[in-house]
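K.L.:
Input: one structure, supplied below.
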Ligand code: ACM
Ligand code: ZN
């Protein structure tokens, strides 16, 4: 096409103007993790100054005072604490505005739009959780390695998570985790936009929840012999309620796990009648799978399970209660007159069906309290599983596929991708048991929470994923190095759209993110340690 020279100049000017108007380029040097769904950068910055004020929409009712939370975060990050002012809805300058728009349904329950303009910053969301996540993004921008103190790059970000269930399991049973440590992790989860904390609270090596009806659980079951030392600990109900509240204020649901029928030795050490043979057993001092599982032949066992669940559901408002269900040997049941009698009465042909009976009965009890049962994928193997049960797939992704195809909701936790007690490279593997597979950062980044073989309808049943931090080989002081940086890759897989993810780019952003982690005192894994 021939274009007269004068017109060409006009056309070029128009194109240039358009570029200037749009003017956005993408830069990875803001180094956000997880990377937002959409992000457009302009030239220039908004400078947060001692005069800058925070204004919050009065309709933004939240479990935490968002303005105070943001002011405190900026004070810690920048040494500048903005004032908090009443907002009447009008235009404000030199301001950070937290605004709810009930019409912005497209942002979903957790999405937000963050606009940094010359005159100030606006975080807009449909729900308060979205404001909270917009604040996390602003915190990361404020801590950006390449911004001067308080100079926030002019940017428009529209962002929402890919999956609603973005979880971390902490195992307090094998090694006791201090309450402060759990709360520190709640803050680190929030910073990385994770929203489910699964607390593994009972196992063969320790019982960690105060249960008023059964005081021996913590008098006996919370302690084990380690050489000549007594090792252990537990949380009072008041402490657990404080943890739940701390998490709620950071938009995190705490899901408690009470293991049954296996991993029950600490409970049985406290109340031997829970076992088929009613024999005395010590709280375990070794790691592994043990034969002393709850006896489902005795009615008194169900009275115990329900009594404990009565108190657990009182402490934890979570709509979901995890009952374990994994790794339960059935040898004792084969020889137990109570179990065999129950099987005869019910017409069960195998001990699998007896376990199915226990799970189904407990699921019914939980649903009478308006709660749903979650169990490890073994609960699919024993029959009788109500459709409302949620399946957590850990033996790879086979359980996720089967569960979704059978109509269950699913949480993906395949051991070969998201078990962060496993070593992250060959060097770490030397100090770990042989059966633990090397799970590198790059492998975690490739994790697909939704199995590709599912139909579109089945895929909707995959709510998301949880990474696990089993603590047999990682007491509290080793947990940072196990989780970081792998949890950064994990959260990006769950939050960011697949077309925004790029392994090379992620590694670049992670370099800047390490600076933020250092400021927060996170002892992330570095080559050679
Ligand atoms: C599991 O790792 N046994 C759930
Ligand atoms: Zn029995």
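K.L.:
Got at least one residue in the range 268-277 being farther than 18 Å from residue 361 by Cα, within 16 Å of ligand 1 (Cβ to nearest atom) and either out of contact with any helix residue (DSSP H, G or I) (no Cβ under 6 Å at 6 or more places or on another chain) or at pLDDT 95 or above (or both)?
P.N.:
no
Each row is one residue, and each column tells you yes or no for (1) touching a strand residue (DSSP E or B) at 6+ places or on another chain (Cβ under 7 Å); (2) in contact (Cβ under 8 Å) with a residue 60 or more places away in the chain; (3) under 19 Å from residue 136 (Cβ atoms).
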position	(1), (2), (3)
56	yes, no, yes
60	yes, yes, yes
90	no, no, no
95	yes, no, no
108	no, no, yes
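K.L.:
Also: For the subset of the range 504-515 comprising residues that are touching a residue at least 12 places away in the same chain (Cβ under 8 Å) and over 22 Å from the mean Cα position of the chain (by Cα), which member is surrounded by the most Cβ atoms within 10 Å (Cβ to Cβ)?
P.N.:
The initial filter retains those residues of the range 504-515 that are touching a residue at least 12 places away in the same chain (Cβ under 8 Å), namely 505-506, 508-515.
After this cut, where a residue has to be over 22 Å from the mean Cα position of the chain (by Cα) as well, the list is 505, 508, 511-512, 515.
On the way: 505: 14, 508: 13, 511: 10, 512: 19, 515: 13.
The selected residue is 512.
K.L.:
May I pose another question? Only one residue in 100, 66 is at pLDDT 95 or above and under 30 Å from residue 518 (Cβ atoms), so which one is that? Working first, answer last.
P.N.:
On the way: 100 fails: under 30 Å from residue 518 (Cβ atoms).
Just one listed residue meets the conditions, 66.
K.L.:
Out of curiosity, is residue 161 in contact (Cβ under 8 Å) with a residue 40 or more places away in the chain, within 24 Å of residue 44 (Cβ to Cβ) and crowded, with 17+ Cβ neighbours inside 10 Å?
P.N.:
Values: in contact (Cβ under 8 Å) with a residue 40 or more places away in the chain: yes; within 24 Å of residue 44 (Cβ to Cβ): no; crowded, with 17+ Cβ neighbours inside 10 Å: yes.
So residue 161 fails the test.
K.L.:
Give 286, 257 a once-over and let me know the one that is farther than 27 Å from residue 390 by Cβ and not in a helix (DSSP H, G or I). Spell out how you get there, then give the answer.
P.N.:
Details: 257 fails: farther than 27 Å from residue 390 by Cβ.
Sole residue among the options that is farther than 27 Å from residue 390 by Cβ and not in a helix (DSSP H, G or I): 286.
K.L.:
Are any of the residues in the range 435-454 without any contact (Cβ under 8 Å) to a residue 24 or more places away in the chain and in a helix (DSSP H, G or I)?
P.N.:
Among the residues of the range 435-454, not one is without any contact (Cβ under 8 Å) to a residue 24 or more places away in the chain and in a helix (DSSP H, G or I), which makes the answer no.
K.L.:
Just give me the residues in the range 89-122 being within 16 Å of residue 66 (Cβ to Cβ), part of a loop (DSSP other than H, G, I, E, B) and over 26 Å from the mean Cα position of the chain (by Cα), in sequence order.
P.N.:
Within the range 89-122, just 101 meets the criteria.
K.L.:
Same structure, new question: Within the range 307-411, which helices (runs of 4 or more DSSP H) (wholly inside it) include 3 or more residues that are free of Cβ contacts under 8 Å to residues at least 12 places away in the same chain? Break it down into steps so the answer makes sense when it comes.
P.N.:
Numbers: elements: 331-334, 337-346, 351-368, 398-405.
Ranges flagged: 337-346.
K.L.:
Something else now. Residues being more than 16 Å from ligand 2 (Cβ to nearest atom) and buried (at least 19 other Cβ atoms within 10 Å of the Cβ): count how many of those fall in the range 241-297.
P.N.:
18
So that you can scan it fast, the table gives a plain yes or no per residue for (1) more than 19 Å from residue 199 (Cβ to Cβ); (2) at pLDDT below 95; (3) more than 16 Å from ligand 2 (Cβ to nearest atom); (4) touching a helix residue (DSSP H, G or I) at 6+ places or on another chain (Cβ under 7 Å):
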| site | (1), (2), (3), (4) |
| --- | --- |
| 369 | no, no, yes, yes |
| 377 | yes, no, yes, yes |
| 384 | yes, yes, yes, yes |
| 390 | no, no, yes, no |
| 397 | yes, no, yes, no |
| 402 | yes, no, yes, yes |
| 408 | yes, no, yes, no |
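K.L.:
If residue 458 satisfies every condition in (1) within 16 Å of ligand 1 (Cβ to nearest atom); (2) surrounded by fewer than 22 Cβ atoms within 10 Å (Cβ to Cβ) but one, which is the exception?
P.N.:
Unmet for residue 458, out of (1) within 16 Å of ligand 1 (Cβ to nearest atom); (2) surrounded by fewer than 22 Cβ atoms within 10 Å (Cβ to Cβ): (1).
The values are calculated or read from the model by the stated rules, or taken from the named source; none is laboratory data. Please read these numbers as outputs of a predicted model, since none were measured by experiment. Cβ atoms come from the backbone with ideal geometry, glycine included; neighbour counts cover every protein chain shown.
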